[in-house]
1. For residue 60, what residues show an amide H to amide H distance below 5 Å, using hydrogens built from the backbone and excluding near sequence neighbours?
2. Taking 0.36 nm per residue of sequence separation and subtracting the Cα-Cα distance, how much length would be gained by fully extending the chain between residue 312 and residue 384, in nm to one decimal?
3. Kindly state, to the nearest 0.05, the FRET efficiency for residue 210 paired with residue 113, given R0 = 35 Å and r defined as their beta-carbon distance.
4. Could you calculate the contour length gain from residue 285 to residue 56, that is, 0.36 nm times the residue separation minus the distance between their Cα atoms, to one decimal place in nm?
5. Place a point 7 Å from the Cα of residue 299 along the Cα-to-Cβ direction; which residues of region 77-92 have their backbone N under 19 Å from it?
6. Please work out the Kirkwood hydrodynamic radius for region 168-298, using every pair of different C-alpha atoms, and report it in angstroms with one decimal place.
7. With r as the distance between the Cβ atoms of residue 263 and residue 81 and R0 = 25 Å, compute the FRET efficiency 1/(1 + (r/R0)^6) and round to 0.05.
8. What three numbers, in Å, describe the spread of the alpha carbons of region 332-385 along their principal axes, ordered from the longest?
Amino acid sequence: MNQLNLLLKKIYFIIITIILINNDNDLTFINGQILPDGFCPQPLIYRNTTNREADIENGYNFVGETKCLLPCPSPLFTKSQWDSYFMMSLIMGSISMFASLFLIITYSPLINKKHTRHTVGILCMSIGIFFIMVSDGRQLWDTESGEKKYCPEPGRYARQSDTKCLTTGLFFQFGCVTAIGWWSILAVDLWMTIAKKVQTTRKQILYYLIGLNTVSLILTFGPVVKNQYGFGNAAIGCWMLDLKYQYGFFWIPVGICLTVGSVFIGLIFWEIYKISDAVKKRYLKKHIKPLCLIVLMCLEFFYMFIYYSYVTANQPTYNKHVAEYIMCLIINAANVPGSYTCELKTVSPTAQFFFLIAIRLMGLQGLIFYGLTAATKKVWANSWICKDLLKLFKLISTKLYTDEDITQVDNNNNSINSNYSSDDAMGDSDDGAGSGDGVVDKYSKTSTVGGDNIDNNNNNNNNNTSSPETSGVETNNGTPRVNSPDNLQP
């Protein structure tokens, strides 16, 4: 039965070919295959174009000379693989974005008042990584999935004329060139620090800033002149489209930076090898984190460079596989969609995943090796933010402590007043003769009524003052008793 179905398919394809050959006006070709006008096998999309060149510039990716468009995103990867790439960019890109933002704040003049070539290098490299992450395939603030932003219409890939595409492309290019340029400067700086060769002045640091940023801006805006920024077949963001511009404005400068950085990494290990074991341990303990980050980023940049070179070298093979994939679609065009499978074997999905994640790990790595250090802790401890927060904490603590003391004093006063009130009640009950407004002094046993008690008290005080021999002594039924100061009413 399977052989019969295969035979019928072949007969059908031959009949279709004969019919198309006899209709020259409707012929379009793709690697020798013939398609009728108005027909494209799924998942290809038919477009009845009136200006093919304009459509190509606007991002419509035609298959060969046909009127069929490749779907967007491209069939190089499956739907689930594209989803995993965009989800990875969302998660890792967000983590690296916030990590690099922390480093920017830490080493900026806002927090760090003392700058050296080392801190300036960390700051500028973190800024480059931050630009990469905010232009990633999918961000936290995206209200739609990543491919919708880069595929505005079915079969159309975003181009430089699309504002979002141009913005993300410029940010990505500037961030990449800036990050790798300052990475190589950090490698040179670490060697200069260990070897103690040169002391850099502030003027030289200014020259570094002006020179590297100028180069980064030229490499970023140069491709704009030729409308090179757009969404490609294997990317998760907008970047340069043509291979020659990618080499001229990115990979050759990256290769130069990799060469410089690798040479100075070798010199760093040579300097460590020359010194004694005791000094070596001290240097390694002090510089192990920056050295690990520089070496790790070097390996990541090299992987990206080698992988891209490999993909470029095998581009003819991938084009052949694409032609075979489309041929499979044409042959099975008469079948029910889903009853057949046409696989496009090009780039390894795993290798592509590592290629995409390599650069999105750099912000997190920077936080680990440059953010979680004693130097960073010292920067924050000496910052005005930390000092102001400490003052605020002391002020709040002092106020809380003072309020607590006041509350305790009030409680003590209330307790004393309640004791006095109790004593007054006892005095009334001792005499038993007080009634109405009359109050009996329990010490002098003098009855006072209404306002007369003030005068009586004053008289008593005057009598005590004027009689030294009886001062501090009072009688009760003729028996002398010495007044204790603790028993005096205030």
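The values are calculated or read from the model by the stated rules, or taken from the named source; none is laboratory data. This is a predicted model, so every value here is computed, not measured. Cβ: placed from backbone, ideal geometry, glycine included. Neighbour counts: every protein chain shown. For the accessible areas, the whole protein counts, side chains as well, though only heavy atoms, and no ligand, DNA or RNA atoms are used. Shrake-Rupley method; radii C 1.70, N 1.55, O 1.52, S 1.80 Å.
1. So residue 60 has HN proximity to 157.
2. Working it through step by step, the gained length comes to 20.8 nm.
3. In this case the efficiency is close to 0.95.
4. 76.8 nm
5. Hits in region 77-92 for residue 299 at 19 Å: none.
6. It is 16.6 Å.
7. Working from the Cβ atoms, E equals 0.10.
8. Largest first, region 332-385 extends 74, 21, 10 Å along its Cα principal axes.
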